[in-house]
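One structure is given here, and the rest of the page talks about it.
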Amino acid sequence: MNNNKISIIGAGKVGEALVGSFLKNGLATKDQIVVTNRRVERSDYLTKKFGVHIATNRDAATDCDILFVCVKPQVAASVLEEIKPVINQNTLVISVMAGITIQQMEQALPEKQPVVRVMPNTPLRVDKAMTVVCGGTYTKESHIELTQNYFDALGRTLVLDEKYFDAVTGLSASGPAFIYIIIEALAEGGVKAGLPRNIATELAAQACLGASSMVLETGEHPALLKDEVTTPAGCTIDGILKLEEGGLRVTLIKTVMEASIKAGKLGNK
Ligand SMILES: NC(=O)c1ccc[n+]([C@@H]2O[C@H](COP(=O)([O-])OP(=O)(O)OC[C@H]3O[C@@H](n4cnc5c(N)ncnc54)[C@H](OP(=O)(O)O)[C@@H]3O)[C@@H](O)[C@H]2O)c1
């Protein structure tokens, strides 16, 4: 445990998951964490749930070592303008905002402010997130390591060049929503084949978890792992035929492309 004072501006779904993880994994105590929100009720809820402090954006930014910016991209400009006059030069700013570039952040903050951009996803609620990390112009290796230390506790992390962030957002940040739809649809298939819904959902979800673990843990290509399941003239190949007829692959490729294109436009509003 370090003594870093942490402020989370915009403690919504992502911010709440960060607070929960930091406390659970011993990365901070409740006294080290300050949260801000637009609505008082939201901050009150977090104080009751975690015992963390609440503050205005300015107070939260005034005296902290690490400032997580977790508001929606649409309010980024006004929030950064608000904190610019008070933020300390040594405070590490970690932005989770989709579509807001490091350059936009650095221009909106005082000169030479260290900024790290991260793109997590919501499985951080269960410590199964994927978080992609990228340092800014004034970040040191220690800032990247510190950021990874916080997000490693929430799942996996990867350091990547910022040019990949729109694609990362469309695939990794939006991805869980696409997978939930796939799980729901697989479960519907199970129900159609006669399974009770709760069992069908559990089987579908575990099949996705198992398949994901196989890809990540064996390092084998998904196509080879698929071939392993597909017995000649068996039931899987009949299922695959229907899946290909339905255009699942093309649909998913277009899905990620659309989400990535939109990610690139979020910061322009
Ligand atoms: N959700 C995801 O899957 C995901 C994944 C990766 C990255 N992100 C990024 O993470 C950020 C947060 O997403 P989210 O899903 O956590 O959104 P969210 O649940 O809507 O949280 C946003 C929070 O910002 C607060 N807020 C709004 N205006 C504010 C202001 N002027 N000052 C202080 N707080 C303010 C809101 O407070 P009130 O509730 O009181 O309005 C809310 O608690 C976004 O930039 C998003 O792009 C999200």
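Values as computed for the structure displayed
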{"item": "Residues (in a helix (DSSP H, G or I) and modelled with pLDDT of 95 or more) located in the stretch 29-45", "result": "Lys30, Asp31, Gln32, Arg42, Tyr45"}
{"item": "Every residue from the stretch 161-175 that is over 12 Å from Arg117 (Cβ atoms) and outside any helix (DSSP H, G or I)", "result": "Ser174"}
{"item": "Odd one out for Lys48, checked against (1) of a type in the set (D, E, K, R); (2) assigned to a helix (DSSP H, G or I); (3) within 14 Å of the ligand (Cβ to nearest atom)", "result": "(3)"}
{"item": "Number of the condition not met by Asn4 [criteria: (1) in contact (Cβ under 8 Å) with a residue 24 or more places away in the chain; (2) within 18 Å of Arg125 (Cα to Cα)]", "result": "(2)"}
{"item": "Extreme residue, nearest to the ligand (Cβ to nearest atom), among residues of the stretch 7-16 that are out of contact with any strand residue (DSSP E or B) (no Cβ under 8 Å at 6 or more places or on another chain) and either among the hydrophobic types (A, V, I, L, M, F, W, C) or touching a residue at least 40 places away in the same chain (Cβ under 8 Å) (or both)", "result": "Gly12"}
{"item": "Test result for Val215, in contact with a Leu (Cβ under 7 Å, 6 or more places away or on another chain), part of a helix (DSSP H, G or I) and without any contact (Cβ under 8 Å) to a residue 12 or more places away in the chain", "result": "yes"}
{"item": "Unmet requirement for Thr131, which otherwise passes all of (1) hydroxyl-bearing (Ser, Thr, Tyr); (2) surrounded by 23 or more Cβ atoms within 10 Å (Cβ to Cβ); (3) part of a helix (DSSP H, G or I)", "result": "(3)"}
{"item": "Selection from the stretch 53-74 of residues that are more than 8 Å from the ligand (Cβ to nearest atom), touching a residue at least 40 places away in the same chain (Cβ under 8 Å), in contact with an Asp or Glu (Cβ under 9 Å, 6 or more places away or on another chain) and of a type outside the set (Gly, Ala, Ser)", "result": "none"}
{"item": "So Ser260, is it of a type in the set (Ser, Thr, Tyr), without any contact (Cβ under 8 Å) to a residue 40 or more places away in the chain and not assigned by TED's automatic domain parsing to the domain that holds Asp127", "result": "no"}
{"item": "Given (1) over 22 Å from Gly155 (Cβ atoms); (2) touching a residue at least 40 places away in the same chain (Cβ under 8 Å); (3) within 12 Å of the ligand (Cβ to nearest atom), index of the condition Gln104 fails", "result": "(3)"}
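The values are calculated or read from the model by the stated rules, or taken from the named source; none is laboratory data. It should be emphasised that the depicted structure is a prediction, and the values quoted were computed from it without experimental measurement. Heads up, the Cβs are rebuilt from the backbone with ideal geometry, glycines too, and the neighbour counts pull from every protein chain shown.
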